[in-house]
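To keep things clear, I will list the structure first and then write my remarks on it.
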Amino acid sequence: MKRGVIIVLLLISLVSLISADYSIADSIPIQIQTLDASGNAITGTFQFMINISSTSSCSPVLYTNTTTLTTDARGVVSYTLDNINVNFTGQYWFCYYRDGVLKETIKAA
């Protein structure tokens, strides 16, 4: 009898989890490797700006994050884009700037 009650309670718990509204996190962890024009890693302290846009031309800007970070020995920085308030129901592009220069535009899948 106890086993049946436990199974019913588990099923009720699972149904409530499935039917509850799922909250999507408002942050995205990212990593960037800084490269020169030849594709070689470069190190140093840079200002990084990531914009999220609805077009590949990076305009209009729907979200922006700017920070100054120092790379590791491989030219890599890791940080988190916080407070993103984009519903991601459409197509979006991440626009990566280093020291004010657009370096790459990445289509979000």
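Here are some notes:
- Net charge over other residues, Cβ less than 15 angstrom from the Cβ of L69 (K, R count +1; D, E count -1): 0
- Nearest-10 value in Å² for the accessible area of T71, using the 1.4 Å probe: 20 Å²
- Electrostatic tally near C95: other residues with Cβ closer than 15 Å to its Cβ, Lys and Arg +1, Asp and Glu -1, net +1.
- Solvent exposure of the stretch 59-104 as accessible area per residue, Å², 1.4 Å probe: 60 Å²
- The trypsin sites (Lys or Arg not before Pro) of the stretch 50-109 meeting both criteria, a DSSP state outside H, G, I, E and B (loop) and at most 14 other C-beta atoms within 10 angstrom of the site's C-beta, are R74.
- Extending 7 Å from the Cα toward the beta-carbon at both V86 and I106 defines two label points whose distance is 1.2 nm.
The values are calculated or read from the model by the stated rules, or taken from the named source; none is laboratory data. Fair warning: this is a prediction, and the values are worked out from it, not measured in the lab. Neighbour counts run over all protein chains shown; Cβ positions are idealised from the backbone, glycine included. SASA here: full protein model, heavy atoms, side chains in, ligands and nucleic acids out. Shrake-Rupley method; radii C 1.70, N 1.55, O 1.52, S 1.80 Å.
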